[in-house]
Each structure stands twice: as C-alpha cells, then as structure tokens.
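This report concerns only the one structure given below.
The values are calculated or read from the model by the stated rules, or taken from the named source; none is laboratory data. This structure is a prediction, so every number in the text was calculated from the model and none was measured. So basically every Cβ, Gly included, is an ideal-geometry build from the backbone, and we count neighbours across all protein chains shown.
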Amino acid sequence: MSANLKDSLLDLFEGKIDFEGQKLAEDITKFTLIAAAVFAFIVGALFQSLRVTLGIFGVASVVLCLVVLPPWPMYNRHPVQWLPTKESEPSS
C-alpha cells in the first residue's frame with residue numbers, strides 16, 4: 001500500500017470532525033428522523049400495518065447511521081486552528 005493511500009485512509013478513520021460538521025450531522029439527523037417518521041406513519045396508515053411503519057422507520061434509521069456516524073470528510077471542512085502552546089518557565 002502506498003504511503004499516500006495509507007495516509008488518506010488514516011485521515012478518514014481518525015475520527016476528527018469540526019464544530020460545523022457536528023452541526024451539519026445534527027441537522028441531517030433531525031430532518032431525516034422527522035421526515036422518516038412522518039413518511040412511515042403515512043405509509044403504515046395506508047397499509048394498516050405497524051410492521052410496515054416500523055420497517056420503513058428502521059431502514060431509514062440504519063441508513064441515517066451510515067451517513068452521520070462515520071467521520072466523513074464532509075464533517076471536517078472547517079477545522080479549528082488552535083493557538084500554539086506556550087512554553088512555561090520552570091518554577092523555582
């Protein structure tokens with residue numbers, strides 16, 4: 001495995017996301033869960049089946065987990081630039 005590919009894979013799996021990425025993941029989660037619940041309820045009511053309702057919501061939840069849980073690069077587009085550390089003087 002080349003060093004460049006290895007570095008890219010390590011960056012992908014390192015788990016870093018920034019504050020903007022956290023907000024994006026939260027917004028995606030809120031919208032998707034609400035939309036999936038409404039859609040599953042409507043389809044389940046049309047079919048008169050709780051199994052259909054829970055199946056649709058379950059599939060949507062699994063897909064949502066695949067989208068928001070891994071640290072995808074789209075969640076680290078605005079990395080925080082921390083200040084450099086100060087060298088402290090040894091106390092006497």
Report yes if some residue within segment 39-57 is within 29 Å of residue 19 (Cα to Cα) and exposed (fewer than 15 other Cβ atoms within 10 Å of the Cβ); otherwise report no.
-> no
Pairs only if they're at least six apart or on different chains, beta carbon under 7 angstrom, first in segment 64-92 and without any contact (Cβ under 8 Å) to a residue 60 or more places away in the chain and in a loop (DSSP other than H, G, I, E, B), second aliphatic (A, V, I, L, M) and surrounded by 11 or more Cβ atoms within 10 Å (Cβ to Cβ); list them, first residue then second.
-> 71/17
Looking at residue 6, is it of a type in the set (Lys, Arg), modelled with pLDDT of 90 or more and assigned to a helix (DSSP H, G or I)?
-> no
